[in-house]
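K.L.:
Encoded as structure tokens, here's the structure I'll be asking about.
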Amino acid sequence: MPTVRTQLLAATVSILVLLTATIAVAGSPDGPTIRPAGSEEVVFQWSTQRCSDNFIPDSPARAFRRRDNSIALIAAHYNNQFLVGSSFTNLRPDCLVSSFGSESKDAATLDTRYWIQAFVPSNETVIALASHEFSGYRHHQCQVKSAKTDSCWFSSILALVPEDESLHFDFPRDPKAKSVAIPPRGYDANRGKRYGFFTTSNAIVKDGFAYVFIWTALDSKPHNCLFRAPLNNVLGNWLSYRNGSFSQPFIGEDNETSETPECDAISPGNVPGQIRSVISIGNNWVAVFMRRTTSPDTTGVYYSTSTDLIHWSSPRHLLKVQPWSGGTGCGIFYEYPSLIDHDSTSRFFDSANGKLYLYLTRANWTDCSGGLNRDLVRVPLQILEENR
């Protein structure tokens, strides 16, 4: 007959085995595994290919196939100029076409500067989504004492429509149609922080809807929100995910309520950074974002996976690079990760079918001067497995 001590020892061993199994399950990766599969390639070199000094990659790379099957790719600055080519291997700057705001000094017009950051299918045409910025600091309209460049920063996500078959995009004629995510409170010259909706992921298509993740900072801590609109009626019909459903519109100032609406933070524990890009691999979605940790070896590009766009897995390190956000000193820095599969059957490259790449903006600041010297680069990736 076992002694009490033997029984306690056996029970302790059982608990340890159970805990070990639980930890193993909790820590096991979900969805596909991706990793670098080659060296960095230069897509656009600022020092030799720029149309003007301001022709810089300043947003995540986005691409779509045009009707003639050529490729249009943008990593937008506020002049919003494209790289074009018959394929991804021969992209060249198009210096003739650009899209830009009117530099209005009136924040309420929502027509100052914008950066195209997503493309959405809409019937026979392409809708662009842009991050619109009004800088009270730059326009000398910030009343905050000791104001910094990000003080009085007011931002929205707006829709743009193309001009015929060109790569020029402009606001739709109906002012309501350009609304994607406009803050519920207007510009405030005494607001000493960034306010509004700042960046958007690429658009992905699922079950008759277009979805985008938007980095949001209203009255709460900055976080990712999920928005969607019906594909058959995209313009002016975006709703954010809140309290378990897509129910909250953000169409500008609401003077009828004192409560400031919010949108749910999407998996903030597992996706702490701005979701820059999302792509489908099999039955899963993969999102990439930048993350700075306490160790240089684990700082860089991370990814997380999901089957429903709401719940995301623990982040996994994809590429060791130095982000310029929060960085110091001189060197090579990276931002704006984006996933593009050159063989995707999707016109907007929101699915992976084989030739997957991680696109990044590389800042060449080895001379310690900062500035505009930025290149667009890409790293080939390998899809190792997918747990279904």
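K.L.:
Can you tell me which of (1) surrounded by fewer than 16 Cβ atoms within 10 Å (Cβ to Cβ); (2) touching a residue at least 12 places away in the same chain (Cβ under 8 Å) is the one ALA177 doesn't meet?
P.N.:
Of everything listed in (1) surrounded by fewer than 16 Cβ atoms within 10 Å (Cβ to Cβ); (2) touching a residue at least 12 places away in the same chain (Cβ under 8 Å), ALA177 misses just condition (1).
K.L.:
Answer yes or no: is there a residue in segment 191-211 that is under 18 Å from the mean Cα position of the chain (by Cα), at positive phi and in the same structural domain as SER135 (by TED's automatic domain parsing).
P.N.:
Checking segment 191-211: at least one residue is under 18 Å from the mean Cα position of the chain (by Cα), at positive phi and in the same structural domain as SER135 (by TED's automatic domain parsing).
K.L.:
Moving on. Restricted to segment 323-356, and to residues that are modelled with pLDDT of 95 or more and in contact with a helix residue (DSSP H, G or I) (Cβ under 9 Å, 6 or more places away or on another chain), which residue is surrounded by the fewest Cβ atoms within 10 Å (Cβ to Cβ)?
P.N.:
The residue in question is HIS342.
K.L.:
Tell me, which strands (runs of 3 or more DSSP E) lie completely within segment 173-231 with 3 or more residues that are within 22 Å of ARG138 (Cα to Cα) and touching a strand residue (DSSP E or B) at 6+ places or on another chain (Cβ under 6 Å)?
P.N.:
195-200
K.L.:
Could you please let me know if SER102 is over 30 Å from ALA63 (Cα atoms) and among the small types (Gly, Ala, Ser)?
P.N.:
Judged against the criteria, SER102 is not a match.
The rows are residues; the columns are (1) under 19 Å from the mean Cα position of the chain (by Cα); (2) modelled with pLDDT under 95; (3) surrounded by 19 or more Cβ atoms within 10 Å (Cβ to Cβ); (4) of a type in the set (A, V, I, L, M).
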residue: THR109; (1), (2), (3), (4): no, no, no, no
residue: ILE116; (1), (2), (3), (4): yes, no, yes, yes
residue: THR125; (1), (2), (3), (4): no, yes, no, no
residue: SER135; (1), (2), (3), (4): no, no, yes, no
residue: SER155; (1), (2), (3), (4): yes, no, yes, no
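K.L.:
In addition: Determine, yes or no, whether LEU167 is assigned to a loop (DSSP other than H, G, I, E, B) and touching a residue at least 60 places away in the same chain (Cβ under 8 Å).
P.N.:
Here the answer is yes, as LEU167 does meet what is asked.
K.L.:
Quick one: in segment 335-388, of everything that is part of a strand (DSSP E or B) and among the charged types (D, E, K, R), which residue is farthest from the chain's Cα centre (by Cα)? Step through it out loud before you land on a result.
P.N.:
Step one: filter segment 335-388 for residues part of a strand (DSSP E or B), giving 335-341, 351, 356-365, 374-385.
Narrowing further to those that are among the charged types (D, E, K, R): 335, 341, 362, 374-375, 378, 385.
On the way: GLU335: 11, ASP341: 16, ARG362: 16, ARG374: 19, ASP375: 18, ARG378: 16, GLU385: 24 Å.
Filtering first and then ranking leaves GLU385.
The values are calculated or read from the model by the stated rules, or taken from the named source; none is laboratory data. Predicted model, so just to flag it, every value in this text is computed and none were measured. Heads up, the Cβs are rebuilt from the backbone with ideal geometry, glycines too, and the neighbour counts pull from every protein chain shown.
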